[in-house]
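Have a look at the structure below, then the notes.
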There are 2 protein chains.
Amino acid sequence: MAMPAATTLLAWTRLLRAADLASQHCAASLRSLGLPPPEWYDVLLAIERSGAQRPRDLQVALGTEQYALSRLVDRMVRAGLLNRVPCPDDARGHTLHLTIEGRAMRAAMWPVYAQAIEAAFGSRVEEEDRVALARLLAPLAKPISA
Amino acid sequence: MAMPAATTLLAWTRLLRAADLASQHCAASLRSLGLPPPEWYDVLLAIERSGAQRPRDLQVALGTEQYALSRLVDRMVRAGLLNRVPCPDDARGHTLHLTIEGRAMRAAMWPVYAQAIEAAFGSRVEEEDRVALARLLAPLAKPISA
DNA sequence: TTCTTGTCGATGCAACCGCATGGGATTTTC
DNA sequence: GAAAATCCCATGCGGTTGCATCGACAAGAA
C-alpha cells in the first residue's frame with residue numbers, strides 16, 4: 001500500500017497528541033483531588049443511567065477489553081462502589097448495581113471531570129469548531145471494519 | 001464551573017474513541033507481524049532524522065514522561081536497536097544512536113505502520129476532511145497552559 | 001571556592017495491562 | 001438430547017506504567 005498522504009500524517013499525529021494531552025489532563029485533575037480515574041466515572045454513569053448493566057453490555061458500550069472491564073469492576077466492587085448481583089436469566093453472568101457510595105462518587109467526580117474536560121478541550125475550541133470536530137470524527141469513532 | 005456544552009461532550013467522546021480505536025489498530029497490526037509497538041517507531045524515526053538525540057530532547061519531542069522514555073530506551077538498547085553513548089558536553093547524560101539493526105527495524109516497521117495508519121485513519125476520512133481535522137486539532141495538540 | 005538550587009536520567013514499588021487460557025453455562029447442530 | 005460450538009466472565013503470568021525518589025552532575029549565588 002502507498003505511503004499515507006502528508007495531510008494524513010499531520011492529522012494523525014495531531015489526533016493522537018490531542019487525545020493524549022486531554023485525557024492525561026483529566027486523569028491528573030481527578031487524581032490530584034484523590035478521586036478515581038475517568039474510566040470509573042464512565043462505568044458509574046453508564047450503570048446509573050440504565051439502573052443496572054451486564055458486564056458484557058458495558059464492555060461494548062465503553063469499548064474496553066473484556067479482561068480490562070472484568071478487573072476494573074473488581075476494583076470498583078472492592079472500593080464499595082458497585083455490587084455484583086447474580087443474573088437470574090443467565091447463570092454465567094451477573095448484573096452490576098451502584099451502591100449508595102457509587103452514586104455519591106459519581107456525583108462527586110462529575111464537577112471535577114467536567115471542569116477538566118472544559119479546560120482541556122471545551123475552552124480551547126470554538127463552539128463552531130467543536131461541532132465540526134464532532135462531525136469529522138464521527139466515522140473514526142465507529143469500529144474499524146476491515 | 002459550568003457543565004460543558006453538549007457539543008463539547010459529543011466531540012470529546014468521539015475524539016477519545018477515535019484516537020483509541022486508531023492507535024489500537026496500529027499497535028495490533030504491528031504486533032501481529034511480530035514487530036515492536038508504535039512508540040518504538042517514533043523513537044527510531046526521531047533519532048534517524050537527527051543523527052542522535054539526548055533523552056531529554058526526545059522526551060519533549062515525543063511528549064512522553066521522563067521515566068517512560070528512560071525505560072523505553074532501556075528496552076530498545078536491550079533489543080540491540082539503540083546505543084547509549086556518553087555525552088562529552090554533559091556528564092549527566094548521553095546521546096542515543098541507532099545501530100544497524102535499529103535502522104533496519106525502522107525501515108521494516110514503516111510499511112506496516114503506514115498501512116495501518118491508512119486503514120485506521122487515512123482511508124476513513126476524505127482528503128478535504130483530513131485537512132480540516134488537522135486545522136481543528138492544531139490548538140489541542142499544543143501543551144495545556146492553565 | 002563553597003553552598004544552594006536546578007537539571008539529567010535511572011529505579012523500587014505497587015498498580016495496571018495484554019495475552020492466553022480456564023471453568024462454567026448456553027445455544028446450536030445433527 | 002448428546003455432542004460441539006459459542007458465549008460470559010475470571011485469572012495466572014510477564015511486561016509496562018505511574019509515582020516518588022535518588023544519585024550524579026551542572027549552574028548560579030554568595
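Apply the Karplus parameterisation 6.51 cos²θ - 1.76 cosθ + 1.60, with θ equal to phi minus 60°, to every residue of region B:64-75 and state each ³J(HN,Hα) to the nearest whole Hz, in sequence, with x for glycine and proline.
Coupling constants for region B:64-75: 9, 7, 4, 5, 5, 5, 4, 7, 4, 4, 3, 5 Hz.
In debye to the nearest 20, how big a dipole does chain A give about its Cα centre with +1 on each Lys and Arg Cβ and -1 on each Asp and Glu Cβ?
Here the size comes out at about 300 debye.
For chain B, report the translational diffusion coefficient in µm²/s to the nearest whole number, using Stokes-Einstein at 4 °C, 1.567 mPa s, and a Kirkwood Rh over Cα pairs.
My calculation gives 74 µm²/s for D.
When the expected Rg is taken as 2.2 N^0.38 Å, what fraction or multiple of it is the alpha-carbon Rg of region B:35-120?
1.08
Can you show me the helix-derived [θ] at 222 nm for the protein assembly as shown, built from DSSP H runs with n ≥ 4 at -39,500 (n - 2.57) apiece and divided by the number of residues, rounded to the nearest 500.
Dividing the helical sum by the residues of the protein assembly as shown leaves -21000 deg cm²/dmol.
So what's the angle, to the nearest 10 degrees on a 0 to 90 scale, between helix B:100-120 and the longest Cα principal axis of chain B?
10
How big is the dipole moment of region B:35-120 about its Cα centre under a simple scheme where the beta carbon of each Lys and Arg is +1, that of each Asp and Glu is -1, and everything else is neutral? Debye, nearest 20, please.
220
State the answer as a single residue: which of A:PRO4, A:GLY102, A:ASN83 lies farthest towards the positive end of the charge dipole of the protein assembly as shown, with beta carbon charges of +1 for Lys and Arg and -1 for Asp and Glu, about the Cα centre.
A:ASN83
Report, in degrees rounded to the nearest 10, the 0 to 90 angle that the Cα long axis of helix B:127-137 makes with the longest principal axis of chain B.
It is inclined by approximately 80 degrees.
Using the Cα centre of the protein assembly as shown as the reference point, and only Cβ charges (+1 on K/R, -1 on D/E), how large is the resulting charge dipole? Debye, rounded to the nearest 20.
Charge dipole of the protein assembly as shown: 560 debye, to the nearest 20.
Given H placed on each backbone N at 1.01 Å, which residues far from B:THR95 in sequence or on other chains put an amide H within less than 5 Å of it?
B:VAL85, B:CYS87
Quick one: P(r) of the protein assembly as shown from all Cα-Cα pairs, 5 Å bins, percents rounded to integers, in order of increasing distance.
Calculated over all Cα pairs of the protein assembly as shown, the distribution is 1, 5, 10, 13, 14, 14, 14, 12, 8, 5, 2, 1, 0, 0 percent.
Every read-out reported here was derived from the displayed coordinates using simple, explicitly stated rules and does not represent laboratory data. Just so you know, these numbers come straight off a predicted model, no measurement behind them. Methodologically, a virtual Cβ is constructed for each residue, glycine included, from the backbone with ideal geometry; neighbour enumeration extends over all protein chains shown.
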